[in-house]
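K.L.:
Just passing along the structure, written as structure tokens.
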Amino acid sequence: MDFSFTDEQVDLREMVIKFARNELDYDLAEYDKNGEFPLEAWRKCAEMQFLGLPFDEEYGGGGSDFLTMSLVLNALGYACKDAGLVHAIATQVLCGMQIRMFGSEEQKQKYLPDVCSGKKIFAQAITEPDSGSDALSMRSRATWNGDGYLLNGTKMFITNGPIADVVIVFAVTDPDKKTLGGISCCFVEKGFAGFQQCNPIKKMGLTTLQNGELVFDACPIPPGNLMGKEGQGGMIFNESMEWERSFLPAAHLGTMERVLETSIRYAKERKSFGQSIGKFQSVSNKLAEMKMRLELGKLICWKAATLKDQGKRATLESSIGKLFISECLKQTCLDAVQIHGGYGYTTEYEIERDLRDSVAATIYSGTSELQYNIISRWLGL
Ligand SMILES: Cc1cc2nc3c(=O)[nH]c(=O)nc-3n(C[C@H](O)[C@H](O)[C@H](O)COP(=O)(O)OP(=O)(O)OC[C@H]3O[C@@H](n4cnc5c(N)ncnc54)[C@H](O)[C@@H]3O)c2cc1C
């Protein structure tokens, strides 16, 4: 087993960290308060090719492998304090992965250059008001009318939804078959008749990330906008969840590393009872736990990414990684607030924002409870 990164990967990570510190230095507190998407920062990230790194050069991508993409997300999670922006970037890349895997050549040529350049913002819409964990019990319906499909339904919590130019929408095409070939996937573009993008939903964290409801009212979908074959939606969903759970945690590991470093610094500086608080075992144990979680998280995350690069399935590894790292992120942020005492509870020290952001990680892309279910199924239970 080789646990090392190449010199190029190490240099790239350093370069991304430097870029994020110098160029993504907007007034995050203000954006956080207003729930505003940092469009300028998005454009800068696109110019750096963060949105297109794993896609072929002929579509405007960087031609990198998946582990390298994960490393870039990791560097962004570390050096960019805006987890909302990093999540928006990951969503764009995920949509690109779906197009790369299941799109026709025409669709790749039409959409992938826009994924890479960031000129268009992409979203994927699965969740509905009445179906989240039980995603495939969705009720949105795409009905064939001879010329194409008519899409009816409502999607909920969709990342990038309120600002998206293109949405990959999952809907039922054959209610008799449902999950076994009854769900399909199509492209809906901003401005399509009957397509309404609602205002962003206010959230406790990830406030710069724009999540919203999407409504489709007899929205006409040309036949060429179907992704993959009719009935392949369930398979696309499963594949895409595996990809998402393989690389989103890489960003969380970056955040955990930053929060750990901040907490170590504080534990050395802050004095209590005549010594630095880091000398108290109940404080240093928390820091040691943070380090342990970070190092263990890296092993499963890089393993999942490597399996994907080798063209292998990583259903179990990505589920374990998603569950372990998101729960560790939440606990790490909670411990960091505790170590900072009253100051940790203030907005000035910024750790409270990391904590608010971290809670979502155990919900999106399949809740922690759902990951336990997936792992249990692998155990034959
Ligand atoms: C920040 C954010 C971004 C998101 N982005 C997107 C997006 O881009 N696209 C998209 O389609 N969706 C998105 N979602 C939606 C997300 O995928 C769902 O919120 C998530 O799958 C949970 O669904 P739910 O909210 O309906 O909760 P529910 O499914 O109603 O679950 C409620 C609770 O019951 C538990 N539960 C449910 N079923 C089981 C079970 N079988 N066993 C054990 N426990 C169970 C859950 O774990 C949870 O604790 C996003 C959500 C958030 C918060």
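K.L.:
How many angstrom lie between the C-alpha centres of the range 124-142 and the range 22-50?
P.N.:
Cα centres, the range 124-142 to the range 22-50: 30 Å.
K.L.:
How many angstrom separate the Cα center of the range 169-202 from the Cα center of the range 290-348?
P.N.:
If you average the Cα positions of each part, the centres end up 32 Å apart.
K.L.:
Mean residue ellipticity at 222 nm from the helices of the chain, using -39,500 (n - 2.57) per DSSP H segment of n ≥ 4 over the full residue count, to the nearest 500 deg cm²/dmol?
P.N.:
Details: 12 runs with 197 residues, N = 381.
Mean residue ellipticity at 222 nm (helix-derived): -17000 deg cm²/dmol.
K.L.:
I've got another one for you. Could you work out, for the range 7-120, what percent of all Cα-Cα pairs fall into each 5 Å distance bin, beginning at 0 Å and stopping at the bin that holds the largest distance?
P.N.:
Result returned by the calculation: 2, 12, 23, 23, 18, 12, 7, 2, 0.
K.L.:
Would you check the range 166-269 for Lys pairs whose C-alpha atoms are within less than 25 Å, ignoring same-chain pairs closer than 8 in sequence, and give me the count? Walk me through the numbers on the way to the answer.
P.N.:
Numbers: Lys177/Lys229; Lys178/Lys229; Lys190/Lys202; Lys190/Lys203; Lys190/Lys229.
Within the range 166-269, the lysine pair count is 5.
K.L.:
Further question: Two-decimal Rg/Rh of the chain from alpha-carbon positions, Kirkwood Rh?
P.N.:
Working: Rg = 21.0 Å, Rh = 21.4 Å.
Rounded to two decimals, Rg over Rh is 0.98.
K.L.:
Could you list, bin by bin from short to long, the percent of Cα-Cα pairs of the range 235-378 in 5 Å steps?
P.N.:
Values per bin, smallest distances first: 2, 11, 19, 19, 16, 12, 9, 6, 4, 2, 1, 0, 0.
K.L.:
Looking only at the range 249-276, which residues have a backbone nitrogen under 18 Å from a spot 7 Å from the Cα of Tyr343 in the C-beta direction?
P.N.:
258-276
K.L.:
In the Gaussian network model of the chain, springs joining C-alpha atoms below 10 Å, which of Asn152, Asn34, Asn211 carries the largest mean-square fluctuation?
P.N.:
In this elastic network of the chain, the residue with the biggest mean-square fluctuation among Asn152, Asn34, Asn211 is Asn34.
K.L.:
Follow-up question, since we're still on this one. Using every alpha carbon pair in the range 151-216, what percent of pairs falls into each 10 Å bin from 0 up to the bin containing the largest distance?
P.N.:
Result returned by the calculation: 21, 46, 26, 7.
K.L.:
Can you tell me what the convex hull of the Cα atoms of the range 201-269 projects to on average, as an area in nm²?
P.N.:
7.9 nm²
K.L.:
So what's Rg/Rh here for the range 216-307, counting alpha carbon atoms and using the Kirkwood radius for Rh? Could you put the intermediate results ahead of the total?
P.N.:
Details: Rg = 22.7 Å, Rh = 17.1 Å.
Ratio of gyration radius to Kirkwood radius for the range 216-307: 1.32.
K.L.:
On to the next question. Helix 351-361: angle to the longest alpha-carbon principal axis of the chain, degrees 0 to 90, nearest 10?
P.N.:
Computed tilt is about 40 degrees.
K.L.:
Quick one, can you get me the convex hull of the C-alpha atoms of the range 49-199 expressed as volume per residue in Å³? It would help to have the intermediate numbers written out before the result.
P.N.:
Values: hull volume 19.9 nm³, N = 151.
Roughly 132 Å³ of hull volume per residue.
K.L.:
Before anything else, pin down the relative contact order of the chain: Cα pairs under 8 Å, at least 6 apart, normalised by residue count, whole percent.
P.N.:
Working: 705 pairs, mean separation 60.1, N = 381.
Over the chain, the number comes to 16 percent.
K.L.:
Same structure, new question: Based on DSSP, what percent of beta bridges with both residues in the chain are antiparallel, to the nearest 5?
P.N.:
Details: 28 of 33 bridges.
Percent antiparallel among DSSP bridges in the chain is about 85.
K.L.:
Within the chain, what's the longest stretch lacking chymotrypsin sites (Phe, Trp or Tyr not before Pro) that sit in DSSP loops with no more than 10 other Cβ atoms inside 10 Å? Show your work: numbers first, answer last.
P.N.:
On the way: sites that count: Phe3, Phe273.
Between exposed loop sites, the widest span is 4-272.
Every read-out reported here was derived from the displayed coordinates using simple, explicitly stated rules and does not represent laboratory data. Fair warning: this is a prediction, and the values are worked out from it, not measured in the lab. Don't worry about glycine lacking a Cβ; one is built from the backbone with ideal geometry, like all the others, and counts go over all protein chains shown.
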